[in-house]
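Engineer: One structure is given below, represented as structure tokens, and several questions about it will come after.
The values are calculated or read from the model by the stated rules, or taken from the named source; none is laboratory data. The structure presented is a predicted model; accordingly, all values stated were derived computationally and were not measured. No Cβ is skipped: glycine too gets one built from the backbone with ideal geometry, and neighbour counts run over all protein chains shown. Each accessible area value is taken on the protein alone, full model and side chains, heavy atoms only, with ligands, DNA and RNA left out. Shrake-Rupley method; radii C 1.70, N 1.55, O 1.52, S 1.80 Å.
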Amino acid sequence: MTEPKFPADLRADGMLWMGVTRSPHASAAIRGLDLRGARAIPGVHAVLSAADMPGYNFHGTRSIDQPVLAADVARYVGEPVAVVAAEHPALARAAAERVRVIWDPLRPLHDPDQASTAPPIHPDGNVLHATSLVFGTEPGALLDPETAEVAGLKVVEGEYAFDAVDARPGAPAAVIAVPNGERGIEIYVATVSPRGDREVVAQCLGLPVEKVHVIPTRVGGADTHREDVGLQVQAALLALATGRPVKAVVPRDAPAHPGRPAARLRYKHVVADDGSLVAVEADILLDGGAYASTTVDVLDEACRLAIGPYRVPNVHITGRVVRTNNPPSGRVRGGGGALTCAAYEAQMDAAGSAVGLGGLEVRLRNLLRPGDLVPDAADPLGKPAAAPVPIPDCLHEVLDTPMPNFPPGPDIREYPGTVGRTGELTRIRRGVGVALGMADLSNPAQQGEYATAVVLVSQTPAGPAATVACSAVETGSGLHDLIRVTVERTLGIPAERVAVRAPEDPGSLPSSAAVTHPAWVHGSAVEAAARQARAKLFRPLAEHIGVDGGLLKVADGHLLSHDDVFRLPLADAYRQCLPPGRVVRGDGEFRMLTMPTLTGTSDAASVAVGAVRAVVDVDTELGLANVVQLAVAQDAGRVVVRERAESRVASGAVAGSGLVLSEGADLPFGWGEPSPMDSPEVVVAALLETAADAKDEIGPDGLPVAAPPLGGMKPVGDLAVMATPAAVLAAIRDAVGDPGAGSPLRLPLRPDRAWWVLG
Amino acid sequence: MSEPAAEWPTVGLTLRVDGHEYPVPQVWIGDSLLAVLRERLDFDEPRDGCGAGECGACLVTVDDTPAAACLVPAVAAVERDVRTPRDPGFDAARAAVAAAGAGPCGFCAPGLAVAITSLLRRNPDPGPAAVREALSGVICRCSESGHWIEAVALAKEAEGGAAAGSGASPDPDDADLVDPARRPEAAAP
Amino acid sequence: MGPDAFGPPGGGFAAGGGAGIGGALPPDGHAVPTRAEFGGGAERPGFELGTFELTDDADGVVWAPQPGDGDAFDLASSGQFAAVTRGGYSAPAGGITDPYRTGGHGSGGAPTGAVGGEFGAGSSGPHGSGGVPVFGAGSSGPHGSERESGFGQAARVPTQEAGSRFAAGPADAPMPGQAVSQAVSEPTPVAGSWFATGAVGTPVSVFGQTAGTPTVTAAVGGQFAAGPADGPVPGQAASGAFSAASDPAATGGFAPAFASATAAESASATPTGEAFATGLGGSAVAAVPALFGPTSVVEAVQVLAARPDAVIVAGGTVVMPDITAGRRHPGAIVTLHRCAELRGWSPGPGEVLLHAGLTLTEMQRQELRAQVPAVAQAARTVGAPHIRAAATLGGNLMVGPASADLPVVLAALGAEVLVASVGGVRTVSVFDFYDRDGVPQLTPGELVVGARVPVVRGMQGFMKIGVRGGTSRAILSTTLAVDPARRSATCVVGAMAQAALPSGTGRAGLPTLLRADHADRWLADQVDWDAGAIPDPAVYETFGRLVAESLVYGDGAGTLGGGGDPYRRKAAEICARRLLLRALPPLGWLDQVRELQRRADFQRAKQRVERAEQAKGQDQ
């Protein structure tokens, strides 16, 4: 069997290896470059620098500010300055080190707090993006502590700081660029937006787009956020210069993947004695690193999800993402919501103890309901939340999940500290914490995202079969399963007879740029294509009964009219409409711009909510925390492939526990990714199917109005990542008490940051 | 460094991989077994994950011992029995991993299969804690340990083992991990 | 938020304020029963239980039997162990020590099996045929044939030889025909010591029979016999460094030319200009042998003498990432995997000799754990199984406290490092082996060949704080070893987290071994050595504090006690206290342990039943 290959598994005859000369300085001007030493090494075929860039030397997702190869100044440690092609990876590496760069070190800017005032480190300035969301009657006044006191309100303040976290997909960043004569250059890379990459690469290489072919390979790590496109350009550059295939594999410690940005969040919650929220003020600062990448999206997301699934009459949110001399950051799983959720949930608990009602009670009294305003970038005055918002159901599901045994043990590996042998039965406290999370489906930053698909239906000896051509890349999240099932539901063709084929050349349609919610965007496009194919396929029957073909649907093995009057077994329908040799083609497209159709409500914010309960054992003296169990329940709208959806949610929860406890870009003690040794048991308590049954209706114009794509499915990838850190923190506070006020809570909460140890 | 020529001494060697002998000329003395397996012998598995032994994607067995191929010098693998995840000996575990939905993206799955097989060879009936420890060297970003424990159970059934996770026959070397204060009671009449 | 609000019915206990065991403990986590006995007061040291230690293999600290005292162990498994040990440990009448030990050994079923088996291994293994099956079991473990030689060798050593060889000691013997260098500590030539059979180039036995073991024989028989006789002469080495050294029978002419030391010398002695082969990138490579696979310590040190620049690879867990990432560029490589005499370990009177090639997995085996339990405990905390299977003692010592745990244990046990060179073997205490930055002190051409660890009768315990369930690099690691014979206790702390960044690049602190002499001396006076316990419960708290205080080191920058690191200071205090409590429990302690453990078990059982019923309910 030949399964698709990861880019690092691809090889070509006469292949060379890329080595990269990286900046040792966080900030330094390049006074000179001497490539002769490297070129002199036998087996080295090309040594190139910015001077050799045939085209435009810059790329970037949101703003084109990042050089492919640093020309005059390097802005972070590890920034590429020169690239080398050699016979052997080690040779390439050594050659890259042999490149002499004359550095003129400058004073680096590492502290995001100083960025806006410090002299600009980039022509575009140090503030990458600033945003402000304000609505309500009198936010300013209420947020003033004195006024609040007078009004008999409690003001709860808190500061929360996240370290930057490396994005470390399982499969390392790798590219192989193959020069192919007239056709131009072929680039094999693990990307989910080949067309976008293609245009950038062509521009940087100074080639016409049709001479560049970006061919997506297998993607590992179940995350669609990958290395920046600069790597493709560098490899292609060398391939063109040497006329030989060039393979680039980025070492794991090189900053090739934009990681989760460092963040500082300041919160002020004003709560009345009855526990109702009166106002919330949030100030969010993100460290975008040296270049913009996608951090702007993270900020937008963080701001819109800054108050969580709560009803707040007065909201004042300000956010900034600034440029520093740290490695570029960007969106990874969980996005901005993962940062804010931990903060606002901690605030809710603090508010709970401030008014003496407890965090849960305060939450329940302020739960977001359909119609309540939520912050929205498109509408500064906020947007009403669209139904449903089934938070109570989620809460019940996680709270009814059976608790794990206590005390743990007798195996010491079940105690905090495990084989470190610090575990002591009477020093273990168990804490239980619950957090509510909210994901926002109408993210303007994603509105550029789209996908197209083609569905071909034909008759085979085994019966009708379908082939789906789309650029949906299977990253391990079950995307292809979802596509097969979608076709099965729409056309009644068994999933095993549905083939998903990635187009050879994404330059020709179909293509996509779906990064944040690939399953959603691709699935919707495929469904649209399948619907069109269905309409064409059964048009004869439709005309026969005098309805539009689009009004026919497939259900329990039958072809039905929208009003269920007409009913015909599928087998017969296919026999009549699909003679052997006939191939019916359906084309489909989905753009996030068409978001309203997802919920049927045009001017409301469509949200997904969920709850996580964390059970954590804490060593009360050593600051070690062991997440025993995570129970997750969320609104999934519609579950298309249940086991894949649950697996997705579970892995998100694990990622969340790593995010809050162990991960960090600067770990001084090895890696922080949760391993089976310290990753919790995850119980997916419920994926609520809240979407109304998908039903085609006839619009006023007599034409069919399509039901929400995928029957109203909502993305499930991010919510667990967002809410789990908050739940784990709540559980720890439950076990050992709140951190002292004043000092910011620094995350990830590694043992040496345990407030209950340091007092 | 002195003149480049002497900096890259190579040797030729013969590796015995999955039972077959592969002569490989001109291997740099600094090459890892992983590099030779992948780039010279075209094995896609083991995978090249971190190159530091942290992620376990490159697990193979050398003389029946699980080893991260990125940590084994190729020259030290000569005359030893190297088994990659493609070896039939790992088929049962691979099937179990796939069936349990562990390692959905497939990157860590081969290493996981090797780790599971080695675990079961050493301890035919590991308890959950033993499983977690044994698999702690394989990092997966798109699954969670529940699937892994299930995979071990399936693999054990495939090899006719006892009920999953019962830990009925604890590994003697795990004795020092079991809370000892229970034992007096065990001894009590 | 109140946990009760969240705990489902039935989970109430688990959530209940997160307190310890059910009603047994007040929220402050102290054991109720202990209070009355110790005068009460929440300020009393918390008497940690869960991982309490018994006299056998078990957990935090271990009653290490004296090897060579074979009878003792037989008696032990037949229940008289308490008596025997008391003989050595002069335990009092009445004290908790009796039920404590007999408890440990009376423990039936698996425990007893474990105990008997373990001590059987520990005792008779090294000393008689009884050990062979045990070691055989060891060799059937992951490491397969390799371990076979490692253990087999030790197993085959008759007691007498072992004794005499150790009387001779691995210490300070010159190589035959080598002038004794003054650089090494005063050598005392003894027949039957290290390089006894040390004819240059032929496999040499360090500890006796190793040359006879299958692996080595094969190696010698193969093209690996890189003696002076068939070492590659320049021409052959040229054609190249990669043709099997003049051995046509070698596998397809592609076996690596493991050049012998003499080959290295001759090659470097002859003008290599005319002999070339292609290196990477088609460059010409001088035919200087660059790859060495010594099969004996003698060969190894000769190679190192000829090529001090050579990179030594044993387990590869440290060196290979550096080479792969380009941080280290080997001009020559010396692999030690064929050096049979560096594998395994050997017993001696009152000590064990851990060979440099002993893997961390092997350290966890019962037979060695029975001798030096703390070493086994530390080994278990290092990385993942596949790392432990490869990582060796030598590598751990060379990495040093910077990112290794073993030096901390070995230092606490008063171990000595054996360093071999062509001049002979010198021994140096673990403490002196490192400079104040934790960098091992070796002169070029020297090779760490092992460590001698005294086998002490007292309790020893190791604790480590790390992320990833403790298997990552340590934030802090601690060892406490008690020696009732010398009536002393030693506590050593390693503060290592700041030593290395994830990629292994660079150092950020001053990682090193930190001893707490003052605290140790103070403690020695507080112990009722006859009772094997500590009368005054306040001692535990105080000892922890003293340890933390005495850890100021140098300017303190980045190290423990320097004020810049409150967490490690605090953690060291707590770990020291917990270790002491496990090692020297207060009188009457065990009964409370058992009581609380019973409750814990009851709780576990109860919840299992509830769980089962719940499941049944859901099925219906």
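Engineer: Let me check I've understood the local charge: for A:ASN366, count other residues with C-beta under 14 angstrom from its C-beta, Lys and Arg +1, Asp and Glu -1. What total comes out?
Structural biologist: -1
Engineer: I've got another one for you. Rounded if a/c is under 1.5, else prolate if a/b beats b/c, else oblate: with a ≥ b ≥ c from the C-alpha gyration tensor eigenvalues square-rooted, which is chain A?
Structural biologist: Since a/c reaches 1.5 but b/c is at least a/b, the shape of chain A is classed as oblate.
Engineer: Extending each Cα 7 Å along its Cβ direction at A:ASP13 and C:GLN618, get the distance between those two points in nm, one decimal.
Structural biologist: 5.9 nm
Engineer: Relative contact order of region A:130-256: what whole-number percent is it, with Cα pairs under 8 angstrom and at least 6 residues apart?
Structural biologist: Taking the mean separation of contacting Cα pairs over the length of region A:130-256, I get 28 percent.
Engineer: Still on this structure: 222 nm [θ] for chain A, helices only, -39500 (n - 2.57) per DSSP H run of 4+, per residue, to 500?
Structural biologist: Taking each H run of at least 4 residues, the total per residue is -7500 deg cm²/dmol.
Engineer: Give the range of the longest stretch in chain A that excludes all trypsin sites (Lys or Arg not before Pro) found in loop regions by DSSP and having at most 12 other beta-carbon atoms within 10 Å.
Structural biologist: Counting only loop sites that pass the neighbour cut-off, the longest clear stretch is A:1-581.
Engineer: With the contact rule set at Cα under 8 Å and sequence spacing of 6 or more, what percent relative contact order holds for chain A?
Structural biologist: Dividing the mean separation by the residue count of chain A yields 14 percent.
Engineer: Just the number, please: carbon plus sulfur as a percent of the accessible area of region B:10-83, 1.4 Å probe, no ligands or DNA/RNA counted.
Structural biologist: Result for region B:10-83: 43 percent of the exposed heavy-atom area is carbon or sulfur.
Engineer: Let me cross-check C:SER477: its accessible surface, 1.4 Å probe, with only protein heavy atoms counted, in Å² to the nearest 10?
Structural biologist: In the full protein context, C:SER477 sits at about 0 Å².
Engineer: If you take the accessible area of B alone, add that of C alone, and subtract the area of the pair, what total do you get in Å², probe 1.4 Å, to the nearest 100?
Structural biologist: 5400 Å²
Engineer: At 20 angstrom or more along the helix axis (alpha-carbon based) and mean Kyte-Doolittle of 0.5 or higher, what helices does chain A contain? Whole DSSP H runs only.
Structural biologist: Those that pass (Cα extent of 20 Å or more, hydropathy at least 0.5) are A:337-355, A:719-736.
Engineer: For region A:114-273, what does the alpha-carbon gyration tensor say about shape, rounded, prolate or oblate, given a ≥ b ≥ c as the root eigenvalues, a/c under 1.5 as rounded, and a/b over b/c as prolate?
Structural biologist: It comes out prolate by the Cα gyration axes.
Engineer: Taking a quarter of the surface of the convex hull around the Cα atoms of region A:13-62, what do you get in nm²?
Structural biologist: Directional mean of the projected Cα hull area for region A:13-62 stands at 5.9 nm².
Engineer: How big a patch of accessible area, both sides summed and in Å² to the nearest 100, lies buried between A and C at a 1.4 Å probe?
Structural biologist: About 5800 Å² of accessible surface is lost on pairing.
Engineer: What does a probe at A:ALA71 reach in region A:191-206, counting residues whose amide N is under 20 Å from the point 7 Å along Cα→Cβ?
Structural biologist: Hits in region A:191-206 for A:ALA71 at 20 Å: A:200-206.
Engineer: Can you give me the distance in nm between label points at A:GLU157 and A:ILE102, each placed 7 Å from the Cα along the Cα-to-Cβ direction?
Structural biologist: For A:GLU157 paired with A:ILE102, the spin-label model returns 5.2 nm.
Engineer: Sticking with this one: Cut-off under 29 Å on the C-alpha distance; same-chain residues fewer than 8 positions from A:LYS268 excluded. Which lysines are left, in chain and number order?
Structural biologist: A:LYS154, A:LYS383
Engineer: So, one more: Which FRET efficiency, nearest 0.05, do C:SER429 and A:ARG753 yield, Cβ-Cβ r, R0 41 Å?
Structural biologist: So, using R0 = 41 Å, E works out to roughly 0.70.
Engineer: While we're here: Give the accessible surface of chain A per residue, rounded to a whole number of Å², with probe radius 1.4 Å and ligands, DNA and RNA excluded.
Structural biologist: Using a 1.4 Å probe on heavy atoms only, each residue of chain A averages 32 Å².
Engineer: Which FRET efficiency value, to the nearest 0.05, do you get for A:ASP738 and A:ARG582 by plugging their Cβ-Cβ distance into 1/(1 + (r/R0)^6) with R0 = 60 Å?
Structural biologist: 0.30
Engineer: Which FRET efficiency, nearest 0.05, do A:HIS544 and A:ALA499 yield, Cβ-Cβ r, R0 25 Å?
Structural biologist: 0.25
Engineer: Rounded to the nearest whole Å², what accessible area per residue is found for region B:10-83 with the 1.4 Å probe?
Structural biologist: 23 Å²
Engineer: Quote to one decimal, in nm, the extra length available between A:LEU381 and A:ASP556 on full extension: 0.36 nm per residue of separation minus the C-alpha distance between them.
Structural biologist: 58.5 nm
Engineer: Within the set A:LYS5/A:LYS211; B:LYS156/C:LYS606; A:LYS5/A:LYS553, which residue pairs have Cα atoms separated by over 27 Å?
Structural biologist: B:LYS156/C:LYS606; A:LYS5/A:LYS553
Engineer: Any chance you could look up the accessible area of A:GLU97 with a 1.4 Å probe, heavy atoms only, rounded to 10 Å²?
Structural biologist: Approximately 110 Å² for this residue.
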